[in-house]
Amino acid sequence: MLRQRIITAAWLAPLTLAGLFGLTEDAFALFTGAIVLLAAWEWTNLAGVTEAVRRLALVVGMALLMLMLWLAGAALATWPLWLAVAGWVANLYWVTQYPTRSEQWRSTVMRLIMGLWVLLPAWVGFNVLRDTGGVWLLYVLLLVWGADIGAYFSGRAWGRRKLAPAVSPGKSWEGVVGGIGVTLALALLFAVWQGLGLAGGLGLALATVVVTLVSVLGDLFESMLKRFRGIKDSSNLLPGHGGVLDRIDSLTAAVPLFALLSLGVL
């Protein structure tokens, strides 16, 4: 597991940094759009669509919707981010109630709709944060990676109380606390670097704790869908490392929320 994280970071970090600082606005939208569309391909399988032609048609439909949002300027608007907030409140309910409330979302249509409020706002959030100059997009990426690594080591060392045993038996509350500890240290470093002052630093710390918890929810939500579907990985698009969704599940929850908070707080 640790080896997988290191290898993934080794190729993902340079790509991310290139996207942050080396691409124009339109090119970055295409870059992140391609990642989201790969995730959408995997999501169709999570939703129970197995025929390749139908899956491709759904991905094309997602691409057209993203294009319309971009042309309308909605890719830099806030309403998709609020859609994500509402969607993740529902996702939290379903994760905490799994499997007793799975009949509420088990249909293929409902799971496809879930994908809309998970993936589209994530793409919008990437572009909103990139529009700030990239610093806060870099921050949320480091936040998610730091939370994941902190939770991994803390969970292995001290994990006793299960976080969501019906969804992901390996995760513990101790791991969550360890992840928050890492991200709060990151918040302190960025607050000093960006000269936020006491009030700004406290605001960033509070936002960091909330977004860290939401990133954990993103991981749990995909785990729930995979468990329901009876699969281990979202795909084999990344040989030896699962699928794109397996790598960005936490980001799909964290990025839209942090983008929304950054527009009014940071």
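For region 89-99, just list the computed ³J(HN,Hα) in residue order, Karplus coefficients 6.51, -1.76 and 1.60, θ = phi - 60°, integers in Hz, with x standing in for Gly and Pro.
For region 89-99, the Karplus curve yields 5, 5, 4, 4, 4, 5, 5, 6, 9, 5, x Hz.
Can you tell me what percent of all Cα-Cα pairs in region 2-264 are more than 25 Å apart? Show your work: numbers first, answer last.
Details: 14624 of 34453 pairs.
Considering region 2-264, 42 percent of its Cα-Cα pairs are separated by more than 25 Å.
Under 17 Å Cα-Cα from LYS162, which lysines qualify once same-chain neighbours fewer than 8 residues away are excluded?
Cross-link targets: LYS171.
For the chain, what does the helix formula give at 222 nm: sum of -39500 (n - 2.57) over DSSP H segments with n ≥ 4, over the residue count, nearest 500 deg cm²/dmol?
Estimated from H runs of four or more residues: -27000 deg cm²/dmol.
So which trypsin sites (Lys or Arg not before Pro) in region 182-232 end up in coil per DSSP with only 15 or fewer other C-beta atoms within 10 Å?
Answer by residue number: LYS232.
Hey, could you pull the Cα Rg and Dmax for region 101-190, both in Å?
16.6, 45
With the alpha-carbon atoms as the only input, what is the per residue convex hull volume for region 119-243 in Å³?
In region 119-243, the Cα hull volume divided by residue count equals 126 Å³.
Could you give the alpha-carbon Rg of region 171-266 over 2.2 N^0.38 Å, rounded to two decimals?
Output field value: 1.26.
Based on the mean of other beta carbon atoms within 10 Å per residue, what is the order of 127-138, 23-34, most packed first?
Descending mean neighbour count gives 127-138, 23-34.
Which of GLY218, GLY203, GLY125 ends up with the largest GNM mean-square fluctuation for the chain, with Cα atoms connected below 10 Å?
Of GLY218, GLY203, GLY125, the most mobile in the Gaussian network model is GLY203.
No value in this document is a laboratory result; all are computed from the given coordinates. Please read these numbers as outputs of a predicted model, since none were measured by experiment. Don't worry about glycine lacking a Cβ; one is built from the backbone with ideal geometry, like all the others, and counts go over all protein chains shown.
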